[in-house]
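Worksheet for the structure shown next.
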Amino acid sequence: MLLCAVIAPAAHSDELTRDELNFFETKIRPVLVRECYGCHSNKAGNVRGGLRLDSKELTHIGGSSGPAVVPGNPEESWLYNAITHQDYVMPPKRKLPQQVIDDFRKWIEMGAPDPRVTNIAEIRSSITADDIQQARESFWAYQIPVRQSLPQVENNSWTRTDIDRFILSKLETSGLQPADDAEAWQVLRRLSFDIVGLPPAPEQIDSFTAAWNIDPDGAVADTVDRLLKTEQFGERWARHWLDVVRYAESTGREVNMTYPHAWRYRDYVIDCFNDDKPFDQFVQEQIAGDLLPVSTDQQWSENLVATSFLAIGPKNVNEQNRVQFAADVADEQIDATTRVFLGMSVACARCHDHKFDAIPQADYYALVGVFRNITTYFGNPPSEFGAFSGVQSKRNSSLIRLPVGDPNPYDKSYSKQELASLKQEMTDKLQEMAETRRNRGRSTGTDAKNAQRNRIRMNNELANLSGQLAVVDASGNPISYCMGVLERDAPANTKLLVRGEIDQPAQVVQRGFPQVLCSEPVEIEADSSGRLQLARWIASKENPLTARVMVNRIWQHLIGQGIVTSTENFGVTGHLPSHPELLDQLAVQFMESDWSVKTLVREIATSRVYRMKSTFNEQYHDYDPDNALVWRANPRRLDAEAIRDAMLSISGEIDFDRPRGSEVAKAGYTRVQGGVLGNPRDIARKAFERAANNTRAASGPGSRPQFRGPAGRPFQRGRRGGMGPAPEEIARQVTNQLDMENAKFRSVYLPIVRDEEPRSLEVFDGADSSAIIGQRESSNTATQALYMMNNRFVIQQSTSFARRITEVSSIPAEQIDYAFLLAYGRKPTSGERSATSSFLRAFSPSASYRSRSVETLAALCQSLLASAEFRYVN
Amino acid sequence: MKYTTPIVAILSVALLAVTCSAEPPGGQRAKGANGQRRASGGQRPGAGADRDPKQMVARMMNEFDKDGDSKLNAMELTAMFASMRDRRGSGERPGAATGRTPGAGPQQRGPGQSGQKPAGNRRRGQNGDGKPAKAGGQAPKRPVAE
């Protein structure tokens, strides 16, 4: 489809009055031409600071600092700032006469009437209303899902649920038969990992096997119900959702600033899944939680936290141009909203009509109108000393104060003395900065470079201090904040941008939603941005995609691949559903069950399809190599979180208590550099000082200090001869801060910093937190094997695993059995038992069989953890 | 010791120095490097350069000639230069009311003091979209019940 740009002269000058026109032409334009165009004009070929004053639109967009003119507001207009020689000095060599300055002030206060409107009048789309109507009527994903009649099957006895009938029907049509049921322990292991992300305990395996032998259906149903009631269900399924919503605790990109309050959203998602919050409500809260009517402050706070969904995306805070930054943030929000909830990408219509789906460019800008009417909060509030920021963090933001503060606040509090000390430090730094500025220009060469470095350092220190002061009240108690969005007061439509360029505006587009998904034209009230309406429309039964997309995600996590394998693309270029009737049926059931995720999980997990074996069948494979018809269970590698959690669970070290906040929250608002939260040099210096102090304290008279590293290994003697952590050990603690190898809590609570994901997740294809990930990759690489062989976390867990075994039994055969049961969910075969015994003897030939040390058993345990069977669910 | 004759000359030099400080650090303004943003805080030191020099001299005499002999002695002159130095550092317009927090450093401005734009790294407290941010964070408005 071709995009037709209609270029036409401006029809009118935005209806200026004669007086306004005269004022501009006599008082403003001559000054702009004479004094400004030389350096700030396209025609002059000179656009210093990115500022162009050629047209009304470009003047309003402004340059790197912001809009040159804000109609009606001289104080916010950089042009006025510059000509009054405040922060900028314009013209550079002299000041304009006061009369001219007054004219500009008056002009801005008049609303900056300007006849120099851009010539592009209208962009016409090649996607016509008929095209949209046709797509709406013909494409499967744009039809509202309807309840399907159950298909007839020959092997009725095999089926347990409606799901089985739909799957079996297709298999029979193709001449295939479903695989047999898996072994009891396999089914339990599958259920356990799928629902709570943890392996079953040995006693659970025993009781399940006993129940299975009597009544397999009842055993499965009871186990599913039990697992759904645990807190671990929310932790497991929240992680799936966090993948999709690109959850992270930092901005990413060139200047990676932390989001110290993102963890509230993580906890909110976990609680929602545990509470089985209706999915439609869950959707609405995330898109428009700040606008939803509430009856309690607690509910209001929760809804505000939910809007973090729109604020946690990656951001280029180093962006020079404010307007560009705002456009990029809105684009990211639109992309996330449409792909996460609707399984379709609208964002490519930012620059042109969608190439394949019936989404004209105007539809994108209709959504931009909805999202540009919000303010996004993702940074740190100003302190009483003002707003400070690091040198490279140009686009700052505040935070939302929660209506209900934490009863037990996580964030750091300060005593009155500490607070006074911080304020004094701030004052001193400000004075130091002032002194440095006074002295600038007096130094040359190396001194000048040092002075510049000093200024940058002081800038950063001021930003850090201000950041600390900003988040506590006058008594030093932490204020409860969240990220999120809030509505602005005056909703407005936006202009379509030619090729998505902010300086190429075309016609104004009314706020609205993608037409192809709307059976009825959408009317948005003039006094409303339409965001609440959008949230309700997305979460409604009239929306053809929302329920289908979520059902497909849940199916994928339980069965191994989606009914639509392109989970984020239900459009024309996406894959067709393998079982469209089943998808519709499940979508309808999902909506009718009050959008209950737990009900749907139960429905799928108790089906016969779910418990099939994963046995390979060459003949069937030739016919259906992708297993699209689901003739067997899909063997799956555990995801990164499940592998780490399983190791902790098997070793008995796992801590099921939810940690407060996160490592990022502890560090506060700071820049991430070199995998370290804050300035690596400062942190290393403090770590060395702390280690030195500890050593001195422990080396008191008569004491014989024992220095041990995180793995229980003794520290080496320091370079200067004193006992203490070796420098490399301290360096490791600093540089591996985000890996958190000593943490025992579940993996969902590990710090997720963009581009610096913990090693334990990264090596096993953890989700890229800068992208919307509906389906993770599942690789099998040498680095994974090396990680399992050498990583100190794995070694720690293997040792604990071995200790656990020795505590249960001292009989070698029982120890081996127990190790297999914990790691694989089954006992070893006779061949495995024999091979294991041989391994132990060979590993420790000098030790007697009975006096085998924990170290030897730890080697066995590590081998089990490093094996493929441990990492796979069959 | 009185400096009767050089007063005007010194003031002129001082004014010239103030005006020159609008140049970039190092005093080496590249040709055509017009209008680059000053990294130093506050208003341009020469913000008052367009004022009538006679008025400035009169105001300074009024302010620093403590003994009222229409001349500045060494102490008075020292006080005047110290004052000028402080103003340069703070970017304060001579005689302008700043509404500064008592006891605050010369660079300090409270947030939300209208008409003043923090400079250097202390740009206006903004949200990412350029809207002014409030100290202590944004208090949300409770949604209206339907």
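Rule-based calculations on the coordinates, nothing more; no lab input. Predicted, not measured: the structure shown is a model, and the values here were computed from it. Glycine gets a Cβ as well: all are built from the backbone with ideal geometry, and neighbour counts include every protein chain shown.
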Does the range A:377-438 come out rounded, prolate or oblate, given a ≥ b ≥ c as the square roots of the eigenvalues of its C-alpha gyration tensor, rounded meaning a/c under 1.5 and, failing that, prolate meaning a/b above b/c?
-> oblate
Between the modelled labels at A:Asp473 and A:Asn156 (7 Å from Cα along Cα→Cβ) the distance in nm is 6.9 nm
Counting only residues 5 or more places away or on other chains, whose amide H sits under 5 Å from the amide H of A:Phe745 once H atoms are built in the peptide plane?
-> A:Asp655
Out of residues 5 or more away from A:Tyr872 or on other chains, whose amide H comes under 5 Å of its own, with H placed 1.01 Å from N in the peptide plane?
-> A:Leu638
For the range A:538-691, just say rounded, prolate or oblate: build the C-alpha gyration tensor, square-root its eigenvalues into a ≥ b ≥ c, call rounded for a/c under 1.5, and beyond that prolate if a/b exceeds b/c, oblate if not.
-> prolate
Here the whole-number average of other chain Cβ atoms within 10 Å per Cβ of A:835-843 is 0
Please compute the Cα-Cα pair-distance distribution of the range A:74-191 with 5 Å bins starting at 0, giving whole percents from short to long.
-> 2, 8, 9, 8, 7, 6, 5, 4, 4, 5, 5, 4, 4, 6, 7, 8, 5, 3, 1
Determine the gain in length on full extension of the stretch A:Asn780-A:Asp594; use 0.36 nm per residue of separation and subtract their C-alpha separation, reporting nm with one decimal.
-> 63.0 nm
According to the square roots a ≥ b ≥ c of the eigenvalues of the Cα gyration tensor, what is the shape class of chain A, taking rounded for a/c under 1.5, prolate for a/b larger than b/c otherwise, and oblate for the remainder?
-> oblate
Over all residues in A:79-92, what is the mean tally of Cβ atoms on other chains that come within 10 Å of each residue's Cβ?
-> 5
Here the range A:84-92 yields Karplus 3J(HN,Hα) values (6.51, -1.76, 1.60; θ = phi - 60°; whole Hz; Gly and Pro given as x) of 8, 6, 9, 7, 10, 10, 9, x, x
Dipole magnitude of the range A:207-289 about its Cα centre (Cβ charges: Lys, Arg +1; Asp, Glu -1), debye to nearest 20 = 360 debye
Can you list residues whose amide H is under 5 Å from A:Gly66's amide H, if they're 5+ apart or on another chain and H is modeled 1.01 Å from N?
-> A:Arg322
Taking A:Lys744 as the anchor, which lysines have their alpha carbon closer than 19 Å to its alpha carbon, excluding any fewer than eight residues away along the same chain?
-> A:Lys666
Along the range A:374-384, what does the Karplus equation 6.51 cos²θ - 1.76 cosθ + 1.60 (θ = phi - 60°) give for ³J(HN,Hα), rounded to whole Hz, x for Gly and Pro?
-> 10, 9, 9, 10, 9, x, 8, x, x, 8, 5
Nearest-0.05 FRET efficiency for A:Asn617 and A:Thr230, computed from C-beta distance (R0 35 Å) = 0.50
Value of [θ]222 nm, deg cm²/dmol, for chain A, DSSP H segments ≥ 4, -39500 (n - 2.57) each, nearest 500 = -14000 deg cm²/dmol
Looking only at other chains, what is the average number of their beta-carbon atoms within 10 angstrom of each beta-carbon in A:389-396?
-> 3
Take the alpha-carbon centre of the range A:471-539, take the same for the range A:854-874, and report the distance between them in whole Å.
-> 51 Å
Past the 24 Å Cα-Cα mark, which pairs from A:Lys423/B:Lys134; A:Lys95/B:Lys134; A:Lys541/A:Lys598; A:Lys315/B:Lys134; A:Lys412/A:Lys686; A:Lys394/B:Lys141?
-> A:Lys95/B:Lys134; A:Lys394/B:Lys141
